[in-house]
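As structure tokens, the structure follows; a few thoughts come after it.
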Amino acid sequence: MIPALLAVLAIIDAAFAGFRAAAGRDARIFKRAYYQRAVLVGVGAGVALVLALAALTLAALVLARSPSALYAELLAIGARMLHVFLAYALLVVAALVLYATARRELRILATVSILGPFTLLRPLVVIVATIRGLGGGASLPAIALTVVSSASVLGLGRLLDRRYGREPPLT
């Protein structure tokens, strides 16, 4: 359950990263299809990242002296990380619900006071979750997998930014 939740959160984060990377970089008036494509690109990149990290984790487990002990350790780290990620996700979902259902003024408030700052805080949230996850003590393979996974999630957003930054604007 814990690996599945972390994987789903990583893919959803990648979908949002795809949207963020594309936002404001296209001159079209009707942008729905453009944004849908950006979200799908993010989802595809997120799925690829999750599969790569799963393969890396599987390799670490195969090479470990005690695979069951490493897996239990990774589950404990993931559970601690989920406390941070789920709290953050709950606040983001609440802001999105407010954005989707409220009057124009409240939507602007949700964007400016919640969604904008939360986007800026995202790297800090990942770092805090990583520190919290590793805070109970961990073996070197567990530390390496956790840090690589967290850095990869943050790096994926940067890669999507670069992808959309290189595309020529629509004229």
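Readers should treat all values here as calculations from the given coordinates under stated rules, not as data from a laboratory. Note that this is a predicted model, so its numbers are computed, not measured. When we count neighbours, we look across all protein chains shown, and the Cβ atoms used for this are built from the backbone with ideal geometry, even at glycine.
Structure notes:
- Pairwise label distance in nanometres, Ala54 with Arg163, each label 7 Å out on the Cα-Cβ vector: 1.9
- Selection of trypsin sites (Lys or Arg not before Pro), the range 16-51, meeting DSSP coil and at most 12 other Cβ within 10 Å: Arg28
- Hypothetical label at Val112: residues of the range 10-30 whose amide nitrogen lies under 20 Å (7 Å Cα-Cβ projection): 24
- Cβ-defined net charge surrounding Val128, 13 Å radius [Lys, Arg +1; Asp, Glu -1]: +3
- In the distance distribution for the chain, Cα-Cα pairs more than 19 Å apart total 61 percent.
- Each 5 Å bin from zero holds the following percent of Cα-Cα pairs in the range 8-84: 3, 15, 16, 17, 15, 11, 8, 7, 5, 3, 1, 0.
- With Cα atoms as the point set, the radius of gyration and Dmax of the range 2-52 evaluate to 12.2, 41 Å.
- Our estimate of slack between Gln36 and Leu96, defined as 0.36 nm per intervening residue step minus the Cα-Cα distance, is 19.9 nm.
- Stokes-Einstein diffusion for the range 89-171, with the hydrodynamic radius set to the Kirkwood value over Cα pairs and evaluated at 4 °C in a medium of 1.567 mPa s, equals 84 µm²/s.
- ³J(HN,Hα), Karplus 6.51/-1.76/1.60, whole Hz, each residue of the range 87-96, x for Gly, Pro: 5, 4, 4, 4, 5, 5, 4, 4, 5, 5
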